[in-house]
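Report on the structure given below.
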Amino acid sequence: MVLSFEDARHVVERYAAEVQPGGLEFVALGESVGRVLAKAVTADRDYPPFRRAMRDGYAVQAADVATVPATLEVIGEIKAGADPKDIPSKVKPGQAVGIMTGAPTPDGADAVVMVEYSWLEGKRVTITRAVSSGDNIAPVGSEAHKRDVLLEPGILLDYSALAVAASVGQENVWVYRRPVVGILSTGDEIVELSAQPGPNQIRNSNSYSLAAQVQDAGGEARLLGIARDDASHLRELIAEGLETDLLLLTGGVSMGKYDLVEPVLAEFDAEMFFTGAMIQPGRPVVFGRVQNKFFFGLPGNPVSTMVTFELFARPMLGALAGLKPRPLAFLHARLKTEIRTKTGLKRFLPGVLSGEFETSEVELARWHGSGDVASTARANCYIVIPPDRERIAAGEWVAVLAK
Ligand code: AMP
Ligand code: MG
């Protein structure tokens, strides 16, 4: 089963929607960034808890300054954090109270005039711009009511989520356990970093790029080493990999005589959901399941491994980590230099995004095919080329996947 890119992605998304994340952990808020929230964060009181002034200026009755200039009597001043006993009990017609951003608005006042539109002389202030009732005051509970859910389970705890948790006093938060992802490289030509490669051998880079991607996607990588192109060795390591939450294999899924991943997985009674996608790099990508464990067979070419992880393995790993599903989102940028390709496959080619502020431009990174890791390391995105396009002219808008 070789599917279009979109169909293959949808298959992964469908299965991802069914998986359950693992157990929970209670972690210090300061250590929770990048984790997935497992229990809702709720408001412990109304927000704001008092009628909060949003500007430095004067708390007034708006009706008093409907026509300006208007001169009012200043009866006091309220600082942020002011003690309730230091707050004037009531602002009456013709009166104003000096007020600072973040301070409680006194009774009687229904608007705050910005200090920029005032003129103070002794105990009298002249207001030079009219305000309407409610201006520059955040009413009690306007942001949230006590017990409202502010953060839903399944969100990624980023800096703004941490601000919310901190503001309601959560020193600790419940997060999902990180899924353990087994990473198995395959191939007789692949050697570990500690070994000196022979003349026809290459070092294992895929286990390291995948481990980094796994970590970035909220998982914990478990390196299972390198399986030789030998069915019994591969069988042994796959069995070990199926003990983890998700198994990623790299290499051994093409059409070569020693590409043994699919036949060995078949011995485990694997269900195969697809055995290829119409993409480049990464066409031979495999997705399936052994009992309740999902696995991906990612093509061994290093750039294929990276791209197919991003396109297919990441959403499954996200689901195992407890993340609510998110659609794959593309940026758009103007193509800087013409691209010519062959039709038939959707391409995700390493690109360099440049330009400043709102004018993004993109061009292909100079690369020499799916094995060229150095040029991929210089790239900062993948340019998406639809399967029906032979030529894309400079200046056209193209879809871009951030790296
Ligand atoms: P395969 O998918 O096994 O046919 O491998 C495709 C290409 O990727 C071959 O040139 C392999 O040598 C290379 N390759 C496979 N696995 C790795 C790995 N773990 N690290 C670096 N390159 C690899
Ligand atoms: Mg191989």
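Using a 10 Å cut-off on Cβ atoms, rank the peptides 210-221, 119-130 from the highest mean neighbour count down.
Details: 210-221: 19.6, 119-130: 13.6.
Ranking the peptides 210-221, 119-130 by packing returns 210-221, 119-130.
Mind checking the dipole of the stretch 90-161: about its Cα centre, +1 per Lys or Arg Cβ, -1 per Asp or Glu Cβ, Debye to the nearest 20?
Details: 7 positive and 9 negative charges, 95 e Å.
Using only the charged Cβ atoms, the result is roughly 460 debye.
Percent relative contact order of the stretch 258-322, based on C-alpha pairs within less than 8 angstrom and at least six residues apart? Present the calculation step by step, with values, prior to reporting the outcome.
On the way: 70 pairs, mean separation 14.4, N = 65.
Dividing the mean separation by the residue count of the stretch 258-322 yields 22 percent.
Net charge near A221: determine it from the other residues with C-beta under 15 Å of the C-beta of A221, scoring Lys and Arg +1 and Asp and Glu -1.
Numbers: positive: R177, R178, R222, R314; negative: D216, E220, E240, E243, D245.
My count for the surroundings of A221 gives -1.
Antiparallel DSSP bridges in the stretch 97-229: what percent, to the nearest 5? Write out the running numbers ahead of the final one.
On the way: 4 of 12 bridges.
Of the beta bridges lying entirely in the stretch 97-229, close to 35 percent run antiparallel.
If you count, for each residue, the other Cβ atoms within 10 Å and average over each peptide, how do 389-401, 238-250 line up from highest to lowest? Don't skip to the answer; put the middle values down first.
Numbers: 389-401: 14.1, 238-250: 22.2.
Output ranking for 389-401, 238-250: 238-250, 389-401.
Among G300, V140, L317, flag the residue with its Cα farthest along the positive direction of the charge dipole of the chain, charges on Cβ as +1 for Lys/Arg and -1 for Asp/Glu.
Sorting the options by dipole projection puts first V140.
Put +1 on the Cβ of each Lys and Arg and -1 on the Cβ of each Asp and Glu in the chain; which of A211, G241, I392 then has its Cα farthest toward the positive end of the dipole?
Of A211, G241, I392, it is I392.
Can you find, among L224, F50, T67, the residue farthest towards the positive end of the dipole of the chain? Put +1 on the C-beta of Lys and Arg, -1 on that of Asp and Glu.
T67
Short version: ³J(HN,Hα) in whole Hz for each residue of the stretch 331-341, in order, from phi by Karplus 6.51 cos²θ - 1.76 cosθ + 1.60 (θ = phi - 60°), x for Gly and Pro, what are they?
Karplus values, whole Hz, x for Gly and Pro: 8, 10, 8, 7, 6, 7, 9, 3, 10, 10, 9.
I need to check one value: relative contact order of the stretch 264-365, counting alpha carbon pairs closer than 8 Å and at least 6 residues apart, in percent.
On the way: 128 pairs, mean separation 21.5, N = 102.
Here the relative contact order equals 21 percent.
Work through the residues other than V19 whose Cβ is under 14 Å from its Cβ and net out their charges, Lys, Arg +1 and Asp, Glu -1. Show your work: numbers first, answer last.
Details: positive: R14, R177, R289, K293, R314, K324; negative: E13, E18, D245.
Result for the local shell: +3.
Okay, helix-only estimate at 222 nm for the chain: each DSSP H run of n ≥ 4 adds -39500 (n - 2.57), divide by all residues, round to 500 deg cm²/dmol; what do you get?
Values: 8 runs with 70 residues, N = 403.
One gets -5000 deg cm²/dmol as the mean residue ellipticity at 222 nm.
For the chain, find the longest principal axis of its Cα atoms and tell me its angle to the long axis of helix 206-216, 0 to 90°, nearest 10.
Once rounded, the angle reads 20 degrees.
For the stretch 132-183, what is the largest minus smallest coordinate of the Cα atoms on each principal axis, given in angstrom and ordered from greatest to least?
63, 19, 16
With angles folded into 0 to 90 degrees, how steeply does helix 5-16 sit against the dominant principal axis of the chain? Use alpha carbons for both and round to 10.
Around 70 degrees separate the two axes.
Out of residues 5 or more away from T186 or on other chains, whose amide H comes under 5 Å of its own, with H placed 1.01 Å from N in the peptide plane?
Under 5 Å from the amide H of T186: A227, T250.
From the backbone phi of the stretch 198-205, what are the Karplus-calculated ³J(HN,Hα) couplings (6.51 cos²θ - 1.76 cosθ + 1.60, θ = phi - 60°) in whole Hz, Gly and Pro given as x?
With coefficients 6.51, -1.76 and 1.60, one gets x, x, 10, 10, 10, 7, 6, 9 Hz.
For the Cα atoms of the chain, what angle does the longest principal axis make with the long axis of helix 231-241, in degrees from 0 to 90, nearest 10?
Taking Cα atoms only, the helix is inclined about 20 degrees.
Say each of A394 and T71 gets a label point 7 Å from the Cα, pointing the same way as Cα to Cβ; how far apart are those two points in nm?
Between A394 and T71, the simple spin-label model gives 6.9 nm.
Using a/c under 1.5 as the rounded threshold, could you call the chain rounded, prolate or oblate? The axes a ≥ b ≥ c are square roots of the C-alpha gyration tensor eigenvalues, and prolate needs a/b larger than b/c, oblate otherwise. Numbers along the way, then the final one.
Details: a/c = 3.54, a/b = 2.25, b/c = 1.57.
Here the chain falls in the prolate category.
Residue by residue through the stretch 105-122, which ³J(HN,Hα) values in whole Hz follow from phi under the Karplus form 6.51 cos²θ - 1.76 cosθ + 1.60 (θ = phi - 60°), with glycine and proline marked x?
7, x, 4, x, 7, 10, 7, 10, 8, 5, 4, 4, 9, 9, 8, 9, 9, x
Could you size up the charge dipole of the chain around its Cα centre, putting +1 on the beta carbon of Lys and Arg and -1 on that of Asp and Glu, and report it in debye to the nearest 20?
520 debye
Taking the highest mean first, how do the peptides 187-197, 271-281 order by number of other beta carbon atoms within 10 angstrom per residue?
Numbers: 187-197: 13.6, 271-281: 19.0.
Ranked from most to least packed, the peptides come out as 271-281, 187-197.
If you place +1 on the Cβ of every Lys and Arg and -1 on the Cβ of every Asp and Glu, how big does the dipole about the Cα centre of the stretch 141-183 come out, in debye to the nearest 20?
Working: 4 positive and 5 negative charges, 41 e Å.
In total the dipole reaches around 200 debye.
For each pair in K39/K146; K79/K123; K90/K146; K90/K123; K92/K146, compute the distance between the two Cα atoms and list the pairs where it is over 24 Å. Spell out each step's value before the answer.
Working: K39/K146 17 Å; K79/K123 18 Å; K90/K146 27 Å; K90/K123 17 Å; K92/K146 31 Å.
Checking Cα-Cα distances, K90/K146; K92/K146 exceed 24 Å.
Local charge sum around G322 (other residues, Cβ-Cβ under 12 Å, Lys/Arg +1, Asp/Glu -1)?
Once all neighbours under 12 Å are counted, the net charge is +2.
Over the stretch 73-189, calculate the relative contact order: mean separation of alpha carbon pairs under 8 Å at least 6 apart, over the residue count, as a percent. Mind dumping the intermediate values first?
Values: 109 pairs, mean separation 20.0, N = 117.
Worked out over the stretch 73-189, it gives 17 percent.
Work out, step by step, the length gained on full extension between K90 and H10: first 0.36 nm times the residue separation, then minus their alpha carbon distance; give nm to one decimal.
Numbers: separation 80, 0.36 × 80 = 28.80 nm, distance 6.19 nm.
So the extension gain works out to 22.6 nm.
All of the numbers you see were taken from the coordinates with simple rules; none came from a lab. Since we're looking at a predicted model, the values are computed, not measured. Heads up, the Cβs are rebuilt from the backbone with ideal geometry, glycines too, and the neighbour counts pull from every protein chain shown.
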